[in-house]
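Below is one structure, written out as structure tokens; the observations come after it.
The values are calculated or read from the model by the stated rules, or taken from the named source; none is laboratory data. Note that this is a predicted model, so its numbers are computed, not measured. As a convention, Cβ positions derive from the backbone with ideal geometry for all residues, glycine included, and neighbour counts pool all protein chains shown. Calculation scope for accessible area: heavy atoms of the full protein, side chains included, ligands and nucleic acids excluded. Shrake-Rupley method; radii C 1.70, N 1.55, O 1.52, S 1.80 Å.
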Amino acid sequence: MKNYTVGVDFGTLSARAAVVSLTGELLGSCSADYPHGVMSGAPGQPSQGPAWALQHPEDYLQVLRQIVPEALRQAGVSPQQAAGLALDMTSCTVLPVTADGTPLCRLERFRSEPHAYVKLWKHHAAQPQAERMTRLARERQEPWLPDYGGIISSEWLFPKLAQILEEAPEVYAAADLFLEAGDWLVWQLTGALGRGRCGAGYKAFCTENEYPRDFLRAFDPRLEAGVSRLNGQLLPQDGRAGELTAQGAALTGLPIGTPVAAAHVDAHVSAAAAGVCTSGRMVMIMGTSACHMLLHEEKIPVPGICGVVKDGILPGFYGYEAGQPAVGDCFQWFLENALPGSYEEEAKRRRIGLHALLREKAARLLPGESGLLALDWWNGNRSVLNDAGLSGMLMGLTLHTRPEEIYRALLEATAFGTRKIIESFRQSGVPVDSLTALGGIPGKDPLAMQICADVLGMPVEVPESTLSPAFGSAIFAAAAAGVYPSMTAAIGAMSHPHPVIYRPDPASAAVYDQMYEEYSALHDYFGRSSAAMKRLKELAARQRSQQRGESTSC
């Protein structure tokens, strides 16, 4: 008897597998880090700079062999009882491959070529191409541009392909296919090449099953010709990609013939895990970055969003996506680069983590007490400015500033950025009536969630599960396998959020309203009026390039 499904979530630094019963009980799970992590160059080669974010495709297969069998073992279930398998992946995370699916970085002639490796979602080195594409799309008044917030992001597919074309034309010529990493993994499992409509719609301007060929031809005819390398059947969100082959069975420990769902984007499947199947309820997934997902019955242009796609999150709705590209990454940066040794010693002495120590100290502060205000752009801005060329900022530092005050300012900046996104939706006529927060941070950081509720002036619900994308994938697996007649039915049967609810404190909310006014002024000045951040980044890039040249000549 088939009585469970398996969901696998491929995140930025690690992957997780969840074994979920058909009634929504988490039976077992396992996670593993990628051996190569996030790379700024080909393995063993010099870094290409801070805007680069690459991964090794072999890492995905290696962790897959570990986590699914171990999750099954922990669950105490027979592999024969699996009803289906689904996976989700960060996006746009893209790799060039040969016609048989071999990643170009496996070929000897490309092992030291960084463009032959996986470009992770947060690879921002294609920002110049993204800016040129945005200018051209605006000049041509492309009808699809408002669906993507009016700005083309360096995180999306075509800027990344344009960068390969311009900087490594030999890689572009050698690639028979360019694939989302999730689609590539499903191909390895099933032997069938298909593309998830979710990734294609949000990250590749694919509307009504068509790519914008005329626009790509106007940008560069070679890029338009590359659309032929995006072939493969477009699969709906609740679609089945195929069944496990012998190779797929060896990778997962599940039987040959197990149904496999189409690949999904990690943030999008989380809405199912939260039980969201109606409009007006925003789902915010907070980890290394943050994605904001929203359903609505109509398609309405919203400035600065990442995209609005019909059936992009759930069938029957327009799915809206926005986001912030540095959340957990920003907090971790502070711990690794700006924390005095005395704090590390205290944490070690008390046998608690550094995050726990800083949360404890930051929680003793009142809103506004530190006099600090930050812009949450440590990895650029995704929404609503959609500009990876921007950088972070911290204002109000004095000789008396303490680490916990900076840490709290970064937490507050994340909440201010979320408020800016919600306001953009509301001002455009798309309602946001409630907020659910998922991911690693909401499940373990009550301070961050309370600050979020206070800044937004609305309750924040946090479901008990910390494996939301993997859990959501398991729900999609049940739908694709035909266990339930629809995604709505699968969500109703398998999602049981049981949230903790953080409610805004009126006194704190009043202070944050004042601080938000200042945040908005800084947001508009540095994001829209001043080019200071970009000029400084350009200067830094020139100096690093000169330094590398001098080092090479010595």
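Take Q80, project a point 7 Å from its Cα along the Cβ direction, then tell me which residues of the stretch 252-287 have their backbone nitrogen under 17 Å from it. Under 17 Å, as judged by backbone N against the label point of Q80, lie 253-259 of the stretch 252-287. Of all lysines in the structure, those lying under 22 Å Cα to Cα from K348, and not within fewer than 8 positions of it along the same chain, are K361, K444.
Determine the alpha carbon to alpha carbon distance for each of K299/K534; K203/K534; K160/K534 and list only those over 26 Å. Before the final figure, lay out the partial values.
On the way: K299/K534 33 Å; K203/K534 24 Å; K160/K534 20 Å.
Where the Cα-Cα span goes over 26 Å, the pairs concerned are K299/K534.
Once you have the Cα-Cα distance between L61 and S14, take 0.36 nm times their residue separation minus that, and quote the gain in nm to one decimal. Could you put the intermediate results ahead of the total?
On the way: separation 47, 0.36 × 47 = 16.92 nm, distance 1.19 nm.
Result: 15.7 nm gained on full extension.
Here each label is just a point 7 Å from Cα along the line to Cβ, and for T278 and E464 those points are 2.3 nm apart. Taking 0.36 nm per residue of sequence separation and removing the Cα-Cα distance, the K2/R426 pair yields an extension gain of 148.3 nm.
These residues, R109, R419, R503, R426, go from largest to smallest accessible area, 1.4 Å probe, as R109, R503, R426, R419.
Distance from the Cα centroid of the stretch 57-85 to that of the stretch 477-491 is 21 Å (rounded to whole angstrom). Beta-bridge orientation, the chain: approximately 70 percent antiparallel, per DSSP, counting only bridges with both partners inside.
Solvent exposure of K2, expressed as accessible area, is near 110 Å², computed with a probe of 1.4 Å over the protein chains only.
Which order do T278, T418, T288 take by accessible area at a 1.4 Å probe, largest first? If you can, show how the numbers build up before the last one.
Values: T278 80, T418 0, T288 40 Å².
Result of the area sort, largest leading: T278, T288, T418.
Across the chain, the mean sequence separation of Cα contacts (distance under 8 Å, 6 or more residues apart), normalised by length, yields a relative contact order of 16 percent.
W144 contributes an accessible area of around 20 Å² to the protein surface, as traced by a 1.4 Å probe with all chains present.
Among the listed values (1) 68, 57, 41; (2) 63, 57, 50; (3) 77, 66, 53, the one matching Cα extents along the principal axes in Å as calculated from this structure is (2). With a 1.4 Å probe rolled over the protein heavy atoms of all chains, the accessible area of F219, F331 falls in the order F219, F331, largest first.
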